[in-house]
1. Do we have any residue at all in the range 54-66 that's of a type in the set (D, E, K, R), out of contact with any Ser or Thr (no Cβ under 9 Å at 6 or more places or on another chain) and in contact (Cβ under 8 Å) with a residue 12 or more places away in the chain?
2. Cβ contacts < 8 Å: first residue within 13 Å of V66 (Cβ to Cβ), restricted to the range 11-24; second residue loosely packed, with under 12 Cβ neighbours inside 10 Å and among the acidic types (D, E), any location; separation 6+ or different chain. Result?
3. For the range 68-79: of the residues being surrounded by fewer than 17 Cβ atoms within 10 Å (Cβ to Cβ) and hydrophobic (A, V, I, L, M, F, W, C), which is modelled with the lowest pLDDT?
4. When the residues of the range 46-65 are filtered to those that are more than 15 Å from the chain's Cα centre (by Cα) and among the charged types (D, E, K, R), which remaining residue is surrounded by the fewest Cβ atoms within 10 Å (Cβ to Cβ)?
5. Condition first: of a type in the set (V, I, T), surrounded by fewer than 12 Cβ atoms within 10 Å (Cβ to Cβ) and either under 10 Å from the mean Cα position of the chain (by Cα) or more than 13 Å from A74 (Cα to Cα) (or both). Can you find one or more residues in the range 25-42 that meet it?
6. Consider L50 against the criteria (1) assigned to a helix (DSSP H, G or I); (2) closer than 21 Å to V77 by Cα: it satisfies all of them except one. Which criterion is unmet?
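The values are calculated or read from the model by the stated rules, or taken from the named source; none is laboratory data. Predicted, not measured: the structure shown is a model, and the values here were computed from it. Note that each Cβ is placed from the backbone with ideal geometry, even for glycine, and that neighbours are counted across all protein chains shown.
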Amino acid sequence: MPIYYFRLRQRDLMIEDDEGVTLPDVADARRRALSEARELASADVKNGCLCLACSIEVADDAGRVVCSVPFEHAVQVRS
């Protein structure tokens with residue numbers, strides 16, 4: 001099974017994932033990225049803020065970005 005790396009990006013800052021996760025395919029990797037984005041956004045809200053400029057980029061073992069989940073697409077903001 002392929003290994004996917006989940007990078008946290010906020011504008012020009014990126015936090016790399018050095019370990020990666022073995023998953024069956026890109027669809028599963030995208031679901032995991034969406035779940036992680038929601039978890040991180042939830043933690044931010046508990047601290048009184050929410051950065052919608054963040055995203056999680058998923059890269060394959062060759063370093064190619066196979067999908068990206070912006071936080072603004074991971075949550076619904078209602079007024």
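1. Here is the first cut: in the range 54-66, the ones of a type in the set (D, E, K, R) are 57, 60-61, 64.
Checking which are out of contact with any Ser or Thr (no Cβ under 9 Å at 6 or more places or on another chain) leaves us with 60-61, 64.
The next check asks that each one be in contact (Cβ under 8 Å) with a residue 12 or more places away in the chain; those that pass are 60-61.
Yes, that holds for at least one residue.
2. If the second residue must be loosely packed, with under 12 Cβ neighbours inside 10 Å and among the acidic types (D, E), the pairs left are G20/D61.
3. Taking the range 68-79 and keeping what is surrounded by fewer than 17 Cβ atoms within 10 Å (Cβ to Cβ), we get 68, 70, 72-73, 75-79.
Now narrow it down to the ones that are hydrophobic (A, V, I, L, M, F, W, C): 75, 77.
Working: V75: 87, V77: 80.
Taking the candidates together, the pick is V77.
4. Looking at the filtered set, the residue picked out is K46.
5. We begin by selecting, within the range 25-42, every residue of a type in the set (V, I, T); these are 26.
Then drop every residue that is not surrounded by fewer than 12 Cβ atoms within 10 Å (Cβ to Cβ), which leaves none.
Scanning the range 25-42 turns up no residue that is of a type in the set (V, I, T), surrounded by fewer than 12 Cβ atoms within 10 Å (Cβ to Cβ) and either under 10 Å from the mean Cα position of the chain (by Cα) or more than 13 Å from A74 (Cα to Cα) (or both).
6. The single condition L50 does not satisfy is (1).
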